[in-house]
Amino acid sequence: MAEGGKVGFVAMTSEEKAKANIPEVGIGMIGQAFMGKAHSNAWKQMPYIFWPPAAIPKLVTICGVHEEALKESAKRYGYEKYTTNWKDVINDEKIQIVDIGTPNYLHAEISIEAAKAGKNIICEKPLARNSKEAKEMRDFIKKAGVKNICCFNYRTVPAIVLIKNLIMDGKLGRIYHFRARYLQEWIMDPNFPMIWKLKKSESGSGALGDLGSHIIDLGRFLCGEIKAVMATSVTFIKERYNEQTKSKEKVEVDDAIASVLEFENGAIGTIEASRFCAGRKNYNTIEINAENGSIWWDLENMNNLWVFWRNESLIETQGFHCVNVTESYHPYYDRWWPHGHIIGWENTFVHIVYNMTEAVINNKPVEPYIATFEDGYRNAVVSDAIIKSSETGKKEFCVFE
């Protein structure tokens, strides 16, 4: 027995799965690095956290570039086989869900070909390098009718879902302000080499797509559609040494962006994204100021939510209150641990793959909580407007098609 008298989770044998009448769903992971690790971990955790699951994920194939490391990854994560050709994954009849964690420039081709093969798709953010590419992906996936998720995983943090529910229930009233910052420090060293995230042809943008897309999504998710932007951007280090070509190359993407947002509902906002903030490791914060109060949240303290209500009856203690979002009645927490036993960053991906499994097996929609390719496209439209505004110095409107 587990702590608290609850039965502990034990891995099932194939015979036990059959008796329990739980089907399997085949997973193909394209990408062996950071996201391949995070997503594989999620697929392995999901069935014993969300028990009984709609299906048991079967890790069929992992795809990557470096064969020796790939072989080790397959063994480490428990995939049946590995390949260096992503087409092997999408053409495998044993695979129903293709999970894409590649560099951005590969997202479009793989997603479209996977949809042609009838596969359901999870694609890492940003969905594409620009809105034109994202629209092509959105349109094709919609026509194919496959289940699709753009992996904006912060939507599934229990505290963020709680904010969403408070807004949907009208508890905050009219929203006035949204402000967000996503700050890191990892490319500040001038000797940091040229990598794909610093190449426009491969990434599309810099801090904007890497970090800013997350907070654009949270703005849209919580406060509604973004109507217009004004922005500025900067590249602090203009050249980086490419270890493959043994030469310096021009950096064509932003190192930092700052933008003012206008929402369709009349709210205004600001976002800031930078990879040049010394001491900031993964500093993602949002604040919403509204008619009835304010809410503040910090990813590095993700289980806590700071809330202020204007109608607080006890004046002597009026102020921001810290809510530990770990109660069984909080979003997702009925499946996790007793209150106060916090979850972490990696568990947001468990929520993503849970929702995809439910969508595929039980034909459920992933909206309104999970981002789809439609959200990925709209995010790209806003990002393009930010880039254009930073170039022209003018307000740019977000035009969705």
| task | For an R0 of 25 angstrom, estimate the FRET efficiency from the Cβ-Cβ distance between residue 249 and residue 186 and round to the nearest 0.05. | result | 0.85
| task | Assuming R0 = 25 Å, can you tell me the calculated FRET efficiency for the pair residue 34 and residue 76, based on Cβ-Cβ distance, to the nearest 0.05? | result | 0.95
| query | Which of the lysines could a cross-linker bridge to residue 71, judged by Cα under 23 Å and excluding same-chain residues fewer than eight apart? | reply | 37, 44, 58, 81, 87, 94
| field | Residue (of 32, 103, 50) at the positive-pole extreme of region 3-154, dipole from beta-carbon charges | value | 50
| remark: When the charge dipole of region 239-344 is computed with +1 on Lys and Arg Cβ and -1 on Asp and Glu Cβ about the Cα centre, the Cα farthest towards its positive end, among 261, 286, 247, belongs to 247
| message | What whole-number distance in Å separates the alpha-carbon centres of region 110-165 and region 337-401? | response | 8 Å
| said: Tell me the net charge near residue 173. Cut-off is 11 Å between Cβ atoms, residue 173 excluded, with +1 for each Lys or Arg and -1 for each Asp or Glu. | reply: +1
| query | What shape does region 17-160 have by the C-alpha gyration tensor, where a ≥ b ≥ c are the square roots of the eigenvalues, rounded means a/c under 1.5, and otherwise prolate means a/b greater than b/c and oblate the rest? | reply | rounded
| request: Please give the FRET efficiency for residue 109 paired with residue 241, using the beta carbon to beta carbon distance and R0 = 30 Å, rounded to the nearest 0.05. | output: 0.55
| request: Could you give the size of the charge dipole of region 3-154 about its Cα centre, using +1 on the Cβ of each K and R and -1 on the Cβ of each D and E, expressed in debye and rounded to the nearest 20? | output: 380 debye
| message | Using only DSSP helix segments of four residues or longer, with each worth -39500 (n - 2.57), what per-residue ellipticity at 222 nm results for the chain after dividing by its residue count and rounding to 500? | response | -9500 deg cm²/dmol
| request: Work through the residues other than residue 80 whose Cβ is under 14 Å from its Cβ and net out their charges, Lys, Arg +1 and Asp, Glu -1. | output: +3
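Given axes a ≥ b ≥ c from the Cα gyration tensor, I'd like to know whether region 180-240 is rounded (a/c under 1.5), prolate (a/b larger than b/c) or oblate.
Because a/c hits 1.5 or more and a/b exceeds b/c, region 180-240 counts as prolate.
Please work out how much length the chain gains when fully extended from residue 335 to residue 323, using 0.36 nm per residue of separation minus the C-alpha to C-alpha distance, in nm with one decimal.
2.4 nm
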| task | With a/c under 1.5 counting as rounded, go ahead and sort region 141-195 into rounded, prolate or oblate using the C-alpha gyration tensor (a ≥ b ≥ c being the square roots of the eigenvalues; past the cut-off, prolate if a/b is larger than b/c, else oblate). | result | oblate
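Of all the C-alpha pairs in the chain, what % are more than 42 Å from each other?
13 percent
Read the figures in this text as sums done on the coordinates, not as results from a lab. Values in this document were obtained by computation on a predicted structure and should not be read as measured data. Every residue, glycine among them, receives a Cβ derived from its backbone with ideal geometry; neighbour counts consider all protein chains shown.
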